[in-house]
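Visitor: Encoded as structure tokens, here's the structure I'll be asking about.
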Ligand SMILES: [Zn+2]
């Protein structure tokens, strides 16, 4: 069969299947069926790309071997250990679960109550998602190598050559990668919908009970799921599901990752919500308060109020500190530059906190917005510039004048060495209870700092592959290496 023809046939099949799937999702009660089908296709492609590169990786190693038996006995386990597909799959799904569940939870919530929006998933849900995405990666790698090991053993028994076995693996592969990717993408997307619907139950003050819905339209018609259909349970209590395998399960919602694959693959059941209309009629502020205080795991409203108050306090101190800094720098050979940027806006502070909270979750850690706010030491920040010749002398003079006025230097970060991506001295200063930052630059290092600022952000947020980030860093170092180092700067500590 000609390859283009084959691709065409696959496309036709998927097209047709998409149309059916859209109707089916609509009947099953899923939101935005058309976008969901598009999303499944996107996820399928991203997943298939990883699976193809896994096959590629394996094939290269297998073909480089000198015999099938030697490969099976001595090399296969090493190859499996070096294969990073599990991590690639986990990373993809950690990020997709994060974005998608939040987005869908907001839509499911707005559908029942426009006064309530979901901007963050509860901590419990985020943690469960990360845990599940990691498990999914390992499971997929395991399944793949189980199949490969099977083909290898069979081939070895029949005395087939490396070429012949490669062909067997690849022939099974062309159908397999797409088929596996499709199945995973579909299952995981429907799972995301269910997680989002559950999250919407947790965060909607007017939802006190949930239901297990089996519409009968989907491909799945497991008797035990049909039996549960319409069952009402309090939001924070599990359903009881008698599994086909004899086990008794306690899922919080259909396709709960705690269920075995046999109870969730190709399950089109969906979590419904029971709305208490008395509660839905409460004033919006009352409901928003309930959303976080009563149902959320931490008190976001109070957290945010505290952060706002602290930020306000800092902005009130800023003019006094600025005046002191101006007076001090006037008495040195330095100059204050970029003074218009001395105060980080509240929006950029909030964005940074959210990013840090998200990063901690992605690593499986725990933090709160208040903790992250208290870690920030550059909400107020200044930059002073002096030429190379007077740099060290100026630094020492500035430091003495600061101390005279009652400012303590809490920390000095001196990165003024060749090979660094940033050259400058950053000091964290404290005046009674206000912390701020003061940077010391030469005109040249200040110019490079501004030129490389966007690269610096890309590095900080790790927006790229390891290879790309390495290149960006090298490019930055190339620029900073050209900045002359002020004499004696290495003594500043
Ligand atoms: Zn089901």
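Visitor: Got a sec? How would 204, 445 order by Cβ neighbour count within 10 Å, fewest to most?
Guide: Values: 204 29, 445 25.
In increasing order of surrounding Cβ atoms, one gets 445, 204.
Visitor: If you build the convex hull over the alpha carbons only and average its shadow over all orientations, what do you get for the stretch 205-282? Give it in nm² to one decimal.
Guide: Numbers: hull surface 21.1 nm².
Its average projected convex-hull area is 5.3 nm².
Visitor: Based on the Kirkwood radius over alpha-carbon pairs, what is the Stokes-Einstein translational diffusion coefficient of the stretch 284-491 at 37 °C with 0.692 mPa s viscosity, in µm²/s? Could you put the intermediate results ahead of the total?
Guide: Details: Rh = 19.2 Å.
The diffusion coefficient I find is 171 µm²/s.
Visitor: Please determine, in degrees from 0 to 90 and to the nearest 10, the orientation of helix 3-28 with respect to the longest principal axis defined by the Cα atoms of the chain, where the helix direction is its Cα long axis.
Guide: 90 degrees
Visitor: Still on this model: Sorted from fewest to most neighbouring beta carbons within 10 Å, what does the list 60, 473 look like?
Guide: The fewest-first ordering by Cβ neighbours comes to 60, 473.
Visitor: Take every Cα pair under 8 Å in the chain that's 6+ residues apart, average their separations, divide by the length, and report that relative contact order as a whole percent.
Guide: Details: 616 pairs, mean separation 56.7, N = 493.
Averaging sequence separation for qualifying contacts and normalising by length gives 12 percent for the chain.
Visitor: Between the stretch 27-53 and the stretch 175-234, what is the separation of their alpha carbon centroids in Å?
Guide: First find each Cα centre; the distance between them is then 16 Å.
Visitor: Once you have the Kirkwood Rh of the stretch 107-181 from its Cα pairs, apply Stokes-Einstein at 37 °C and 0.692 mPa s and quote D in µm²/s. Kindly include the intermediate steps, with their values, before the conclusion.
Guide: Values: Rh = 16.2 Å.
The diffusion coefficient I find is 203 µm²/s.
Visitor: I need the Kirkwood Rh of the stretch 31-204: take the reciprocal of the average 1/r across all distinct C-alpha pairs and report it in angstrom.
Guide: On the way: mean 1/r = 0.0560 Å⁻¹.
Every distinct Cα pair counted, the radius reaches 17.9 Å.
Visitor: Another one. Note down the relative contact order for the stretch 205-282 as a percent, whole number, built from C-alpha pairs under 8 angstrom at least six residues apart. Kindly include the intermediate steps, with their values, before the conclusion.
Guide: Working: 131 pairs, mean separation 32.7, N = 78.
Reported relative contact order: 42 percent.
Visitor: Round to the nearest 10 and give me the degree value, 0 to 90, for the angle of helix 346-362's Cα axis relative to the longest principal axis of the chain.
Guide: Here the helix axis deviates by roughly 50 degrees.
Visitor: Then there is this: Can you give me the convex hull volume of the Cα atoms of the stretch 401-493, divided per residue and expressed in Å³?
Guide: Working: hull volume 10.6 nm³, N = 93.
That works out to 114 Å³ per residue.
Visitor: Here's another thing I want to ask about it. How much of the DSSP beta bridge set in the stretch 326-476 is antiparallel, as a percent to the nearest 5?
Guide: For the stretch 326-476, the DSSP antiparallel bridge percentage is about 75.
Visitor: Averaged across orientations, what area in nm² does the convex hull of the alpha carbons in the chain project? Kindly include the intermediate steps, with their values, before the conclusion.
Guide: Details: hull surface 123.0 nm².
That works out to 30.8 nm².
Visitor: Relative to the longest principal axis of the C-alpha atoms of the chain, give the angle of the C-alpha long axis of helix 391-404, reported between 0 and 90° and rounded to the nearest 10°.
Guide: The angle comes out at about 80 degrees.
Visitor: Here's a follow-up. Could you work out Rg/(2.2 N^0.38 Å) for the stretch 145-298, with Rg from alpha carbons only?
Guide: Working: Rg = 22.0 Å, N = 154, 2.2 N^0.38 = 14.9 Å.
The stretch 145-298 yields a ratio of 1.48.
Visitor: Want the number for residue 163 to residue 110: 0.36 nm per residue separation, take away the alpha-carbon distance, what's left? Write down the numbers at each step before the final one.
Guide: Values: separation 53, 0.36 × 53 = 19.08 nm, distance 5.68 nm.
Once the chain is fully extended between residue 163 and residue 110, it gains 13.4 nm.
Visitor: Separate question: Let me know the Rg and Dmax you get for the stretch 49-98 when you use only its Cα atoms, in Å.
Guide: 13.5, 45
Visitor: A further question follows. Sort 350, 476 by Cβ crowding within 10 Å, fewest neighbours at the top.
Guide: On the way: 350 16, 476 19.
With the sparsest Cβ surroundings first, the list reads 350, 476.
Laboratory data are not the source of any read-out in this text; all were calculated from the coordinates shown. This is a predicted model, so every value here is computed, not measured. A quick note on method: Cβ atoms are made from the backbone with ideal geometry, for glycine too, and the neighbour counts reach across all protein chains shown.
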